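The values are calculated or read from the model by the stated rules, or taken from the named source; none is laboratory data. These figures come from a predicted structure and were not determined experimentally. Cβ atoms come from the backbone with ideal geometry, glycine included; neighbour counts cover every protein chain shown. For accessibility, only protein heavy atoms count, side chains too; no ligands or nucleic acids. Shrake-Rupley method; radii C 1.70, N 1.55, O 1.52, S 1.80 Å.
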Amino acid sequence: MVSVTFWGLVLLATVTGLATAWALGANSNSPPFAPAIGANAISTMRAAFLIGILAALGALAQGGSISETVGAGLINGVSITSLAATAGLLTATAFMAFGVYTGYPVPAAFATTGAMVGVGLSLGGTPAFETYRRIATFWVLVPPVSGGLAYLTATVLRRDDIPETVGVPLLAAVVGGIVANIRLSVIPDPDGGAQGSLAAFLGSIVETPALVGVELDVVLITLVAAAVSFRFIQRRTEESVDRGVRTFLVLLGSVVAFSSGGSQVGLATGPLENLYRAELGLPGIALLAVGATGILGGAWMGAPRLLQATSREYAQLGVRRSIAALVPGFIIAQLAITLGIPISFNNIIISGVIGGGLAGGSAGVSRRKIGVTLLFWVLTLVASVAVGFGLYRAFAVVLGGAV
């Protein structure tokens, strides 16, 4: 009987994780391509197809660190059981569904983090205050950093003394340099880690001395990647400014969609970490594949409708402000993945939109709307802890506390 109950809970937890990943794929991964659609650089259906593929690949190649944090780093002294994972995922998904249907800004990362803290405390675990400190510091810094980077980006793009044949390629160079250094599970790490970067891998082929602790070969390859990116977009903008900007929007949307998959999949797979890896003995890639499948399905089935709505909003923002919102989104998402910190991608984009708007003299967002957004972020975090705690206790009572 216990075995039947256990496998029933494994199935329920997996289905719930898939549903959560589906919701993330349908909602959280759409913003990257909205500016490109608004600028008529790509069709809605093609964008939805690319979002699904790229976000799923990002989930497989970069989703492990955040998944581990959500699954094992938020609570001390206990392991998340299949029943607790189900309670946590149901809580987080309920909050996300509430946000979708009411229009209130409910961030997925806040809901999932709060829910997993709640079920962990309900299991008898103790708070992981050091992890909370790191996450809270990152969350607090996201709005000013994202807004500040967007402000600087929009300012560069708006300067009359910096032609678009230089300003846009400069941003492409920054993105290209970062792409060369992002860590992926498909690239061997010369230092023996689980993930390696293209720059580090190519740099390991030819030994060069380090200067002040910095590997010169990695710096050289990064500069080469930046130069190639700069020249490619510059040539496109020299042929036609509109064509160059549209090309950059599609490429930028692609790397941001990839990053969103890596940063979001852990919100769906994290609660299942102990179940899949410790109890079932499966490798981490198997769990990430479950999340990637859900994100892929959500993007293909749910993203087109949302893309049509958000592309109209980005079209009203304008090309420069859209680019200014996405560049910091890419940078911050990659930083969060490196640090293993769960984030809400839409929060980064919202902050970027506000910062880009300030460069034009107005953020385009009322103070009241900003205040309501911040209030719901806090309420989501606190309420999800309470709901997760109570829901697990209710499940445990109904099932006799056997699992």
Take segment 59-82 and flag every residue that is crowded, with 24+ Cβ neighbours inside 10 Å and more than 30 Å from Pro188 (Cα to Cα). Ile75, Ile80, Ser82
In this structure, does Thr126 turn out to be closer than 22 Å to Ile350 by Cα, surrounded by fewer than 24 Cβ atoms within 10 Å (Cβ to Cβ) and either without any contact (Cβ under 8 Å) to a residue 40 or more places away in the chain or in contact with a strand residue (DSSP E or B) (Cβ under 7 Å, 6 or more places away or on another chain) (or both)? no
Exactly one condition in (1) within 19 Å of the chain's Cα centre (by Cα); (2) at pLDDT below 75; (3) open to solvent by less than 30 Å² (accessible area, probe 1.4 Å) is false for Asn346; which is it? (3)
Hey, could you check segment 165-200 for residues that are open to solvent by less than 50 Å² (accessible area, probe 1.4 Å), of a type in the set (Val, Ile, Thr) and outside any helix (DSSP H, G or I) and say which is nearest to Pro328 (Cα to Cα)? Ile182
What do you reckon, is Ala61 over 18 Å from Trp139 (Cβ atoms) and aliphatic (A, V, I, L, M)? yes
